[in-house]
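Structure record follows, encoded as structure tokens.
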Amino acid sequence: MGWLDGKVALITGGGAGIGRALVERFVAEGAKVGVLEVNAGRAEELAAVLGDSVCVVTGSVASFADNAAAVQRTVEKFGRLDTFVANAGVFDFFQPLAQYEGDQIGAAFDELMSVNVKGGLLGVRAALPELVRSRGSVIFTISNAGFYAGGGGPLYTASKHALVGLVKQLAHELAPKVRVNAVAPGGMKTELSGLSATGTSGQSLSQMDGLDTLLKDITPLQVSPMPEQYCGPYVLLASDDSVVTTGAIINTDGGFGVRGITGVRGGEGL
Ligand SMILES: NC(=O)c1ccc[n+]([C@@H]2O[C@H](COP(=O)([O-])OP(=O)(O)OC[C@H]3O[C@@H](n4cnc5c(N)ncnc54)[C@H](O)[C@@H]3O)[C@@H](O)[C@H]2O)c1
């Protein structure tokens, strides 16, 4: 028996990284899963591997029509929608403000925010009637960058801080019928990619030299987790064991919040 038996979820950006791990974990927990994925090759591969357990729609979270199509196709195939996971995101590769040309900032901001923030708003709006019907829930993927400096550049950090506000506002607005929560993962080696506006759309985090070592050095728990290791909190928030939880954000980042003033970790004498 799985934690999500009989549940139906829709996960954005399910073609790679944590989204892909979530699709597989939700299916393993007994759920049926719709996916909205912009990369057609990843969408096809996912449908081929997971077959009837998934309903994959190719499109962008930045389009309301694509979000609405993903909701409609998921409900047509699986009959209901219990959880919408607003997960798709893009990255600014830590680019500091001073390294942007002035006339580049607007386009980079629009491109990043349209996926990381507007994508979540459009998706929740598209899913809302079905979530109200099922008394369902929303889960946002935030990041350590929603809480601390240096987890990205100013655009990415602003987008993830914006999601912290959205979780609170939407949890307030949608109670008592729909719960709204989030998971804030730390770093992981994924295909997280950049922006056309800065020429980094072909770059991915997985290409970054020394990422594993860096993550182990900067986290109190000395971890460089795989996407699969971040899935548990999403399963918990989507399950009936969380029916009294809304407006909550689970920080699962190796302990960035307890790095300490004098050193990254304690551990003396252990
Ligand atoms: N990788 C990390 O270190 C890390 C850390 C914390 C939070 N996150 C967050 O996790 C989420 C997933 O990122 P990931 O690291 O798994 O990246 P990823 O690139 O491996 O996976 C994201 C998927 O989303 C898809 N996608 C991108 N733009 C889209 C759009 N407009 N519409 C639909 N699909 C789109 C991509 O094609 C990709 O398949 C993001 O919100 C990211 O900010 C990542």
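The values are calculated or read from the model by the stated rules, or taken from the named source; none is laboratory data. Since the model is a prediction, treat every value here as computed from it, not as a measurement. Glycine gets a Cβ as well: all are built from the backbone with ideal geometry, and neighbour counts include every protein chain shown. With ligands, DNA and RNA removed, areas are computed over all heavy atoms of the protein, side chains included. Shrake-Rupley method; radii C 1.70, N 1.55, O 1.52, S 1.80 Å.
A few comments on the model shown:
- Some residue of segment 21-34 being open to solvent by less than 30 Å² (accessible area, probe 1.4 Å), farther than 23 Å from G6 by Cα and touching a residue at least 60 places away in the same chain (Cβ under 8 Å): no
- Pairing each residue of segment 91-102 that is assigned to a helix (DSSP H, G or I) with any residue that is modelled with pLDDT of 95 or more, provided the two are 6+ apart or on different chains, yields C-beta distances under 6 Å for L97/P154.
- Residue that is surrounded by the fewest Cβ atoms within 10 Å (Cβ to Cβ), among those in segment 53-78 that are among the hydroxyl-bearing types (S, T, Y) and more than 11 Å from the ligand (Cβ to nearest atom): S53
- Candidates V90, V38 - the one that is of a type in the set (A, V, I, L, M, F, W, C), open to solvent by 40 Å² or more (accessible area, probe 1.4 Å) and near the ligand (Cβ under 9 Å from one of its atoms): V38
- Subset of segment 148-191 that is part of a helix (DSSP H, G or I) and charged (D, E, K, R) - its residue that is nearest to the ligand (Cβ to nearest atom): K160
- Scanning segment 18-35 for residues that are among the small types (G, A, S), more than 15 Å from the ligand (Cβ to nearest atom) and in a helix (DSSP H, G or I) yields one hit, A28.
- In the set (1) assigned to a loop (DSSP other than H, G, I, E, B); (2) touching a residue at least 12 places away in the same chain (Cβ under 8 Å); (3) open to solvent by 10 Å² or more (accessible area, probe 1.4 Å), R133 fails one condition alone, (1).
- A count restricted to segment 3-17 and to residues that are more than 10 Å from the ligand (Cβ to nearest atom) and open to solvent by 10 Å² or more (accessible area, probe 1.4 Å) stands at 4.
- Of residues in segment 208-228 being outside any loop (DSSP other than H, G, I, E, B) and closer than 11 Å to K189 by Cβ, the one modelled with the highest pLDDT: P227
- When L97, L50, L81 are screened for being more than 9 Å from the ligand (Cβ to nearest atom), under 19 Å from S134 (Cα atoms) and modelled with pLDDT of 95 or more, only L81 passes.
- Residues (near the ligand (Cβ under 10 Å from one of its atoms) and either surrounded by fewer than 16 Cβ atoms within 10 Å (Cβ to Cβ) or within 24 Å of K32 (Cα to Cα) (or both)) located in segment 100-121: G119, G120
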